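Single-structure report; data block below.
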Amino acid sequence: MGTAKSYKWFKNGVQTADVSKTITINGNGCYSSSFVDNTNCESLVSDSVCTSLSVNTPQQVFGIQVYPNPANGHVNLTYTGTDVLQVTLTDLQGRIIEGFTIDQSSTLNIAQITKGIYLLHISNGIQTATQKLLVE
């Protein structure tokens with residue numbers, strides 16, 4: 001294979017009109033690419049990258065309620081599902097403040113956390129939902 005002279009982009013397995021080296025993601029889906037070199041040889045399709053441009057709340061994904069928000073002292077996580085969920089609280093720089101698992105309702109002690117905006121990431125190992133948490 002030589003140097004790439006053109007590219008092919010695919011969204012959900014369907015070729016798009018894009019032919020440049022980069023693509024602008026304009027919706028949810030799985031994207032992949034291939035390229036054609038100066039001898040007209042085409043590469044195999046690359047690994048797919050799947051993206052979701054929408055953010056689902058933990059309540060939408062797992063049926064878990066997070067309250068009060070804004071909060072001080074503690075946050076309640078009301079959960080009636082059957083999966084074990086991984087809960088991670090991070091600051092806006094991505095530093096982990098707290099991490100634990102739940103399989104029923106739980107209370108998160110935030111009394112020692114500095115006031116500010118945090119992100120509560122909740123995952124079942126397949127899906128992850130994120131909710132903004134304001135600590136007062």
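We did not get these values from a lab; they are worked out from the coordinates using the rules stated. Please read these numbers as outputs of a predicted model, since none were measured by experiment. All Cβ positions, even for glycine, are placed from backbone atoms using ideal geometry, and neighbour counts span all protein chains on display.
Key figures
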| quantity | calculated |
| --- | --- |
| Label assignment, Kirkwood radius over Cα pairs in Å derived from the structure, set (i) 15.3; (ii) 20.3; (iii) 17.8 | (iii) |
| 5 angstrom amide H check on Glu98, placed H, neighbours 5+ away | Leu89 |
| At 1.002 mPa s and 20 °C, Stokes diffusion of region 65-128 via Kirkwood alpha-carbon radius, µm² per second | 175 µm²/s |
| Value of relative contact order over the chain, rounded to a whole percent, pairs C-alpha under 8 Å and six or more apart | 19 percent |
| Under 22 Å between alpha carbons - lysine pairs in the chain that sit 8 or more apart or on different chains | 4 |
| Using θ = phi - 60° and Karplus 6.51 cos²θ - 1.76 cosθ + 1.60, couplings along region 77-84 (whole Hz; Gly, Pro as x) | 10, 9, 9, 10, x, 10, 6, 7 |
| Helix-only [θ]222 nm of the chain, DSSP H runs n ≥ 4, -39500 (n - 2.57) each, per residue, nearest 500 | -500 deg cm²/dmol |
| Potential extension, Asp83-Phe100 segment - 0.36 nm per residue separation minus Cα distance | 4.7 nm |
| Leading residue at positive end of dipole, the chain (Cβ point charges), from Asn38, Gly94, Gln15 | Asn38 |
| Cut-off under 5 Å, modelled amide H: who pairs with Asp18 long-range | Trp9 |
| Residues whose placed amide H lies under 5 Å from that of Ile64, excluding near-sequence neighbours | Gln59 |
